[in-house]
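Before any comments, here is the structure.
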Amino acid sequence: MVVSWNLFYNKDKLRIKEFLMKEWHEGYFTELEYVDGYLAEMSPLLLQLNLTLAGVKINHADSILPIKNLSYLELGFGKGSSFNIHAAGNDGDFMGIDFNPNHVKNAIEFAQASGAKARIFDDSFEELYERLHSENTFFDIIVLHGVWSWVSIQNQEVILKIIRKFLKVGGIVYISYNTFPGWAKKHPIRELLMGYFQNTSGSAEQRITQSIAFVEEFLNKQTSFTKAFPDYPQFLAELKQHNVAYIAHEYLNQDWNCCYFTEMVKKLESNKCSFAASGKILDHIDMDIDSLELTSLKQIQDDIFKEQIKDYCINRQFRLDIFMRGKQTLGIQEGIAKISNTFFTLIKLPKTFKGTSQEGTNIFYRFILVILDFLTTDSYRPKSGFEIMEHCKLPFREFLASLCVIIHQGLVMPAQKPNQQLQQQTKKFNTHLFERQMHEKSSIYAASPITGGGIVVSEVEQLFIQGQKLFSDTHQIITFVLEILTSQNRLLANGNEQIDYAKSFQILQDAFKEFIEERLTLLQALEIC
């Protein structure tokens, strides 16, 4: 999206593209559990940062601050990692639904452990509407990720009814969905996959495997269809990279709807919500369609149509969008002040930053390295935008472009100053997560009160943290971790070959050394442990 205060685009703009190359389940696939995941784009602070970057007024403060007395609703939270992390790390009242009782049970367990103000139900959308109507409950933020395209048209209408009735004036809606034109060529192949799946037998895993094999066999034949769509080998390669649980929930729901961006805008506008920003932070600096020099486009002023054109330019197949009820424009100077006064923190080590083959001569790459290096100082203390620009000697535009890239890569997030309640809630959440990891393979997403969001902490790192609580000797800690992995048949492996005990011990010993020397201080700064 083009920022309304036009910070990025001119003839000398940075070359970022060069740098970045009808049962209860109502037709939703429930034979396999949904894959666990965390989505930072739904975190309150990042939502507000995205809106500010898009030139949308979010409050009258001089920085991007957490919403006071936040009321937050997530529709279809899956296993609940994002929901529970946001509830634990942010001040407010959270409500979430998912009609899969297994998901709900898991989510309730973590909500009770953290003690956050979270209410969780296995309601359908219609049941939720009735519940909210009876309670007269309203929300500042309503989010739904991986839901819209995979539910029936009837359920989509109920979702819109919930938004229209229960979103506050000034409230935010985050919604993700499959979109055209990116799915235009793949859509027929999805129908082929679904058709075979519905007409074969066996377990869910067997049927999915058989369906993929059939589609691959069919597409390898020379038919008029395959000649018309020569890109199908790439689609097959992408499909086979995913596990069966992902394929099931992505492709094999009874309802599977794509739409154009402009269609989504019309649906939300009819419910008093205007398109405000892309939820994908890189979109703020990605492509300026003015660079296409389309003479016939100069007479068109409509920003929605121009946003649709971008989808054609990159053949986009999935959108993350933010809508707002009562959108107001943010002044340029006010926007600069907000971002300058907002604090930012590292959430990954700088060495994980991904550059390009031209990184050595790309000044943009050097800007990022300087910012990342500065964010490591003072034991990873969060720094304001103003501090970063002053220390790194960066103009605002270059700082903002660099910031978008490192947030996109998951290295940096906006930060808040947490109160004691948030510190206690996230500590309880993480304690429960790490203890659970000792007994079974669990989530890899911990909660940080500094970001109000999720931080990746690997299974082994979680066990290291637990081991440190019990032992002071490194040998004992490694033995403790290895015994847990062995008892749960989670031994380290190299390809298809299981590594023996001695080799596993050495690998863990090296990993623990790296954890102590590099990762631990960062996790402590984020108040993960």
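Considering just Cα atoms, how many Å³ per residue does the convex hull of the stretch 121-211 enclose?
Per residue, the Cα convex hull of the stretch 121-211 comes to 136 Å³.
DSSP loop trypsin sites (Lys or Arg not before Pro) in the stretch 135-239 with at most 14 other Cβ atoms within 10 Å of their Cβ, which ones?
Listed in order of number, the matching sites are Lys221.
Take the stretch 187-251, compute every pairwise Cα distance, and split them into 10 Å bins from 0; I just need the percent in each bin.
Values per bin, smallest distances first: 20, 58, 20, 1.
Taking the C-alpha atoms of the stretch 171-222, how large are the radius of gyration and the largest Cα-Cα span, Dmax, in Å?
Answer for the stretch 171-222, Rg first and Dmax second: 15.0, 52 Å.
How are the C-alpha pair distances of the stretch 420-529 spread across 10 Å bins, as whole percents from the shortest bin up?
14, 45, 31, 9, 1
In the stretch 425-529, what chymotrypsin sites (Phe, Trp or Tyr not before Pro) fall in a loop by DSSP, with at most 16 other Cβ atoms inside 10 Å?
Within the stretch 425-529, the qualifying chymotrypsin sites (Phe, Trp or Tyr not before Pro) (loop, at most 16 other Cβ atoms within 10 Å) are Phe471.
Extension gain Gln222-Gln488, at 0.36 nm per residue separation less the Cα-Cα distance, in nm?
Here the answer is 91.0 nm.
Only bridges with both residues in the chain count here: give the DSSP antiparallel percent, nearest 5.
Roughly 55 percent of the beta bridges in the chain run antiparallel, per DSSP.
In cubic angstrom, how much convex hull volume per residue do the alpha carbon atoms of the stretch 215-287 span?
So the per-residue hull volume is 185 Å³.
Just for the Cα atoms in the stretch 84-129, what are the lengths along the principal axes, largest first, rounded to whole Å?
28, 21, 11
Once both labels are modelled 7 Å past Cα along the beta-carbon direction, what's the Gln210-Glu263 spacing in nm?
My value for the distance between the label points is 3.2 nm.
To the nearest µm²/s, what D does Stokes-Einstein give for the chain at 4 °C and 1.567 mPa s, using the Kirkwood radius over alpha carbon pairs as Rh?
52 µm²/s
So if I average 1/r over every pair of distinct C-alpha atoms in the stretch 296-422 and take the inverse, what Kirkwood radius in Å does that give?
Every distinct Cα pair counted, the radius reaches 17.2 Å.
Output the pairs from Lys310/Lys338; Lys79/Lys441; Lys79/Lys161; Lys165/Lys428; Lys68/Lys338 with a Cα-Cα distance over 23 Å in this structure; if there are none, say none.
Listed pairs above 23 Å: Lys310/Lys338; Lys79/Lys161; Lys165/Lys428.
Read-outs throughout are calculated quantities, based only on the coordinates presented, and are distinct from any laboratory measurement. Note that this is a predicted model, so its numbers are computed, not measured. Positions of Cβ are generated from backbone atoms using ideal geometry, with glycine treated the same way; all protein chains shown enter the neighbour counts.
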